[in-house]
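Step one of this worksheet: look at the structure below.
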Amino acid sequence: MVVLVLGSGAREHALVRSLARDPSVDEVLALPGNPGIAALARCLPGDPADPATVVAATRAAEVDLVVVGPEAPLVAGVADAVRAAGVDCFGPSARAALLEASKAFAKEVMAAAGVPTAAAHVCTDVAQVEQALEATGAPYVVKEDGLAAGKGVVVTEDRDAALDHAAACLSREGGRVVVEDHLDGPEVSLFCLSDGAEVVALEPAQDFKRVGQGDTGPNTGGMGAYSPLTWVPEDLVPDVLRTIARPTVAEMARRGMPFVGVLYVGLALTSSGPRVVEFNARFGDPETQVVLARLRTPLAGVLRAAARGELAALAPLEWDPRTGVNVVLAAEHYPGTPATGDPVSGTEQAEQVEGVHVLHAGTATDDHGALVSSGGRVLSVVAVADDLPRAREQAYAAVGRIGLRGGHSRPDIALAAAQGRVRIPQED
């Protein structure tokens, strides 16, 4: 089959890499792709969030399956347009993508489905926010209602900082915020593939959202991830499928907005059990990079089964038992306004480290064909090894071979897990 991947980040590079290795795939296309993706796929120009552009590209290349990477095309209705053109699409409709596009809507669906999550207050003015902060108490959790590229959430002990973030969100047209109770316990990401009725889970991962060592500094799109998680309960995945993913998918179908694609379930493993922190409507970045590195089942057939409503007939997924670690190399000043246009060197030397592959995110080529930075998160450096300490060692050794002025990465990705320090709180 011919597969078209929409997007230009490291998540899409990971998807393209897996699809290119699938013997059932004749050609992989990417729109628009990036320099790393271009080594594996034919990159097409255009805006992946423009339905007409995507449909035209799909028809011209006789594409059999479209895989939507980022959230913006989903909210723009690209998946609806592709399906209307008679082509299989892995990604939810614009209506179903509201599970990510509106945190208030997601809370409404969870309440109707009986899904365990934090108590929340939807606020449209500062006075409501003040009342909500009084009700929840510190630490304060304030989330922008719409899409914010992973940066719309503030968790702080500082009430003034929480109010400032809320006010900034509310100042935007149609601004709303969700103020939540804080959930204790470590966070886990679980990707659940849905065909609108059946749900199949991938292996859990954990990501690192803060920019600085020890979970300090502002939120980012994600500075790294690892999988598997040896410290989670053995029954976590079936428990989440039973209490969260399947009820949510059933509720969406009941509302006439069937969810086809990835239901990203962001969890907190609290003293009272798993609780939903957030839903996303697509693969998460940086977790996809480690989860797909460990997936042995050819990817294209899995995604097409979801797109066609055939997940019930899918054989159990096969996994590499080894550990994957992803360390993100970010540009100077990220997650503020990142420096761009700086030369990026050493990616080939990085891939000479055993078990390592490098995925491009914020990269471009200059007028002379040289690789330069073009965004905040520049590269994902992924290592797969027999155990977590070794995978960390290889990933950081590879990062050390890459040259980027002002580039920075977190030195403690998966460190607590490698040292056996991750603890799930227990009920008193």
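The values are calculated or read from the model by the stated rules, or taken from the named source; none is laboratory data. Since this is a predicted model, take the numbers as computed values, not measurements. Heads up, the Cβs are rebuilt from the backbone with ideal geometry, glycines too, and the neighbour counts pull from every protein chain shown. Heads up: the accessible areas ignore ligands, DNA and RNA and are worked out on the full protein's heavy atoms, side chains in. Shrake-Rupley method; radii C 1.70, N 1.55, O 1.52, S 1.80 Å.
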Note to self: Just to be sure I understand, how many residues within the stretch 353-383 are of a type in the set (Ser, Thr, Tyr) and either open to solvent by 30 Å² or more (accessible area, probe 1.4 Å) or in a loop (DSSP other than H, G, I, E, B) (or both)?
What the structure shows: 2
Next item on the list: Could you check VAL328 against (1) over 30 Å from LEU183 (Cβ atoms); (2) in a strand (DSSP E or B); (3) not small (Gly, Ala, Ser) and say which number it fails?
Entry: (1)
Next item on the list: Can you run down the residue pairs with Cβ atoms below 9 Å, 6 or more apart or on separate chains, where the first is in the stretch 89-111 and over 15 Å from GLY146 (Cβ atoms) and among the hydroxyl-bearing types (Ser, Thr, Tyr) and the partner is modelled with pLDDT of 95 or more and surrounded by fewer than 22 Cβ atoms within 10 Å (Cβ to Cβ)?
Entry: SER93/GLY77; SER93/ASP80; SER93/ARG83; SER93/MET257; SER93/PRO258
Notebook entry, point to check: How many residues does the stretch 1-34 hold that are under 22 Å from the mean Cα position of the chain (by Cα), buried (at least 19 other Cβ atoms within 10 Å of the Cβ), assigned to a loop (DSSP other than H, G, I, E, B) and not polar (S, T, N, Q)?
Noted result: 2
Note to self: If I filter the stretch 172-192 down to residues being of a type in the set (Gly, Ala, Ser) and at pLDDT 90 or above, which single residue comes out as surrounded by the fewest Cβ atoms within 10 Å (Cβ to Cβ)?
What the structure shows: GLY185
Checklist line | Residues of the stretch 182-200 that turn out to be within 20 Å of GLY261 (Cβ to Cβ) and not hydrophobic (A, V, I, L, M, F, W, C), as a count | finding: 5
Notebook entry, point to check: Among the residues of the stretch 201-218 satisfying the criterion of being in contact with a Ser or Thr (Cβ under 8 Å, 6 or more places away or on another chain) and assigned to a strand (DSSP E or B), which is surrounded by the fewest Cβ atoms within 10 Å (Cβ to Cβ)?
Noted result: ARG210
Next item on the list: Can you work out which of the residues in the stretch 384-409 that are in contact with a Lys or Arg (Cβ under 7 Å, 6 or more places away or on another chain) and buried (at least 17 other Cβ atoms within 10 Å of the Cβ) is farthest from GLU287 (Cα to Cα)?
Entry: ALA385
Margin query: Suppose the filter is touching a residue at least 40 places away in the same chain (Cβ under 8 Å) and part of a helix (DSSP H, G or I); does ALA167 pass it?
Written below: yes
Notebook entry, point to check: Tally time: how many residues in the stretch 210-223 are modelled with pLDDT of 95 or more and under 11 Å from the mean Cα position of the chain (by Cα)?
Noted result: 1
Item checked: In the stretch 330-352, the residues that are surrounded by 15 or more Cβ atoms within 10 Å (Cβ to Cβ) and free of Cβ contacts under 8 Å to residues at least 40 places away in the same chain -> PRO338, THR340
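Quick grid of which residues meet (1) under 24 Å from LEU170 (Cα atoms); (2) not β-branched (Val, Ile, Thr):
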{"residue": "VAL63", "(1), (2)": "no, no"}
{"residue": "ARG83", "(1), (2)": "no, yes"}
{"residue": "ASP88", "(1), (2)": "no, yes"}
{"residue": "SER93", "(1), (2)": "no, yes"}
{"residue": "ALA101", "(1), (2)": "yes, yes"}
{"residue": "GLY114", "(1), (2)": "no, yes"}
{"residue": "ALA118", "(1), (2)": "yes, yes"}
{"residue": "HIS121", "(1), (2)": "yes, yes"}
{"residue": "VAL126", "(1), (2)": "yes, no"}
Margin query: Quick test for you: out of THR230, THR297, THR243, pick the one residue that is surrounded by fewer than 19 Cβ atoms within 10 Å (Cβ to Cβ), in a helix (DSSP H, G or I), among the polar types (S, T, N, Q) and in contact (Cβ under 8 Å) with a residue 12 or more places away in the chain.
Written below: THR243
